[in-house]
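First, the structure itself, so that you have it in front of you.
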Amino acid sequence: MAYEVNGQTVEHDEEGYITNLGDWTPELAEVIAKAEDIEMDDERWEVVNFLREYYDEYQIAPAVRVLIKSVKKTMGPEKGNNKYMYELFPYGPAKQACKIAGLPKPTGCV
């Protein structure tokens, strides 16, 4: 299975997570988001970029609790809460946002 981006094929697993993290580009993020019925806007990009930085630092995709706690610490309580995150990523902030960010499936996600 694969995504098509700018004439290139990017492989992904059966759940839609890309298999080679180095293949990620902002254009690919748009394609994945579209497949997830998500319209990328500034708020969603903020979370996706946050996740990519988090992964660079810790080499792990955070589970939803850790994600929300970290977002609260960096972006404040109005963004670091379940309600806000689920409005942005209705199928699970950690799972969906990590997929769009080109990261592996978060630990602890079923």
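Assigning unit charges at the beta carbon (Lys, Arg +1; Asp, Glu -1) and nothing else, what dipole magnitude in debye, to the nearest 20, does segment 2-100 show about its Cα centre?
680
Rank P77, A2, V48 by how far each Cα sits towards the positive end of the charge dipole of segment 2-100 (+1 on Lys, Arg Cβ; -1 on Asp, Glu Cβ) and give me just the farthest.
P77
Grab the eigenvalues of the alpha-carbon gyration tensor for the chain, scale each by 5, take roots, and send me the semi-axes largest first in whole angstrom.
Computed over the chain, the values are 22, 14, 12 Å.
Note the full-extension length gain between N81 and E53 as 0.36 nm times their separation in residues minus their Cα-Cα distance, in nm to one decimal. Working shown, then result.
Numbers: separation 28, 0.36 × 28 = 10.08 nm, distance 1.92 nm.
Length difference between fully extended and current span is 8.2 nm.
Starting from the 7 Å offset along Cα-to-Cβ, what nm value, one decimal, do you get for the label separation of E30 and T9?
2.3
Let me ask something additional. Just give me a number: lysine pairs in the chain, eight or more positions apart or cross-chain, with C-alpha atoms less than 19 Å apart.
For the chain, qualifying lysine pairs total 13.
How many Å² of accessible area per residue for the chain, probe 1.4 Å?
Per residue, the chain has an accessible area of 58 Å².
The values are calculated or read from the model by the stated rules, or taken from the named source; none is laboratory data. Keep in mind it's a predicted model, so treat the numbers as computed, not measured. We place every Cβ from the backbone using ideal geometry, glycine too, and count neighbours over all the protein chains shown. Just so you know, the surface numbers come from the protein's heavy atoms only, side chains and all, with ligands and any DNA or RNA stripped out. Shrake-Rupley method; radii C 1.70, N 1.55, O 1.52, S 1.80 Å.
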